[in-house]
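Heads up: the structure comes next, in structure tokens.
Values quoted throughout were computed directly from the atomic coordinates according to the rules given, and no laboratory measurement underlies them. Fair warning: this is a prediction, and the values are worked out from it, not measured in the lab. Positions of Cβ are generated from backbone atoms using ideal geometry, with glycine treated the same way; all protein chains shown enter the neighbour counts.
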Amino acid sequence: MTQAQMTAYLAAKVGISKRQAKSMLDELNELVTRQLKQKGSLRLAGFGVFRKRKLKARIGRNPATGEQIKIPARTRLRFTPAKALKDSILGVRLRPARMKGAYQLPRLELLDNPPLEKSKADEVALEQRARVLEQKLAGFGVPAQVIAMQPGPVVTLYKLEPGERVKVSQIVNLADDLALALRAPAVRMLAPIPGEAAVGIEIPNGKREPVYLRELLTAEEFKKAASPLTVALGKDIAGRPVWADLAAMPHLLIAGATGTGKSVLIHAMLASILFKATADEVRFILIDPKMLELSVYEGIPHLLVPVVMEVEKAAAALVWAMGEVEARYR
């Protein structure tokens, strides 16, 4: 157990700040150190064992820069909690699930297929909006022609070629007027599109296109990704699949109003890992104090512990994870 784990546990158990808990542990550390000068270890009944551990000088690596650094020799105090204390902190035993036989990844056939192609009605609607866009611009005295369209699941990018003697700023200044004329909540200007002699106008689609997880997981880029923590996030505005590697993310914040799809994204990310990685490659600690979303994953072999639903156990699980991170960086 690391000092950070002990500090967090003591603060939560006694109801004090982490600074106060750290101060108490520092005082305890001084008392224990004095005792350890005479003996190599100190056992406290029902609490645990303190031991001095000598660490040799070694060459390490800075996790932020990747550069090699010299770590000097030092003596550290190591605490091994008694079983009763350890069980009270974790609340659950960290024991991986056992599997009968060889594990097989789930088949992608379990997921729904996306439509084979867009309906002709959608294509006609895009063409009609392109003509309306040209007419509205001409009505404002800014002639331009739609030369290409990139439909996405939420917005469509219209590429415009301005007429002669038309300044880009003239089109940009009409953003609010075009939104009103096209009955759109807002339009976004790309003036000009990087690498192209065209101006881009992003207009929200009248009907959102659902993104199917199966078409993201069957893409060659996802299959070839080496990391077992590669997750599907959706599509960009051009309709191209978007993936990310959780191993490259120190943190991930998912925010949004009610009903915007936060839970759907979390399930898609978990499913991405389950379809790609075995239980020997990836383990989950799932915390769901509201008991609404993650209980469906109870019993899967990837769980390091059962789905945590009690607040006390959630704090303990996070403390354990923090200690695991610190141990891996040593």
>> Quick query: amide H of THR156 versus all other amide H atoms, modeled in the peptide plane; which residues come in under 5 Å with a sequence gap of 5 or more or a different chain?
In response: ILE203, ASN205
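Based on the Cβ-Cβ distance from ILE300 to ASP112, what FRET efficiency comes out when R0 is 22 Å, to the nearest 0.05? Before the final figure, lay out each step's value.
Values: r = 21 Å, r/R0 = 0.94.
Given R0 = 22 Å and the Cβ-Cβ separation, E is 0.60.
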> When the Cα centres of segment 219-248 and segment 299-329 are compared, how far apart do they sit, in Å?
Replying inline: 26
>> Take the residue pairs LYS54/LYS313; LYS290/LYS313; LYS235/LYS262; LYS22/LYS70; LYS159/LYS224 and return only those whose Cα atoms are more than 23 Å apart.
In response: LYS54/LYS313; LYS22/LYS70; LYS159/LYS224
> Taking the chain as a Gaussian network, Cα atoms linked when under 10 Å apart, which of PRO301, PRO185, PRO204 shows the biggest mean-square fluctuation?
Replying inline: PRO185
> Given H placed 1.01 Å from N in the peptide plane, which residues other than close sequence neighbours of PHE284 have an amide H under 5 Å from its amide H?
Replying inline: LEU303, LEU304
> Name the trypsin sites (Lys or Arg not before Pro) in segment 161-201 that are in a loop by DSSP and that have at most 14 other C-beta atoms within 10 Å, would you?
Replying inline: ARG165, LYS167, ARG183
> For the chain, modelled as a Gaussian network with Cα springs under 10 Å, which listed residue fluctuates most, GLU161, GLU67, GLU310?
Replying inline: GLU67
>> Could you work out [θ]222 nm for the chain from helices alone, using -39500 (n - 2.57) per DSSP H run of at least four and dividing by all its residues? Round to the nearest 500 deg cm²/dmol.
In response: -10500 deg cm²/dmol
> For Rg and Dmax of the Cα atoms in Å, the listed values are [x] 23.5, 88; [y] 28.7, 92; [z] 20.9, 63; which was obtained by calculation from the structure presented?
Replying inline: [y]
> Which far-off residues, 5 or more places away or on another chain, put their amide H under 5 Å from the one on LEU233, with H placed in the peptide plane?
Replying inline: VAL242, TRP243, ALA244
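Based on other C-beta atoms within 10 Å, arrange HIS267, HIS302 from fewest to most. Intermediate values should be presented prior to the final figure.
Working: HIS267 16, HIS302 20.
Placing the least packed residue first, the sequence is HIS267, HIS302.
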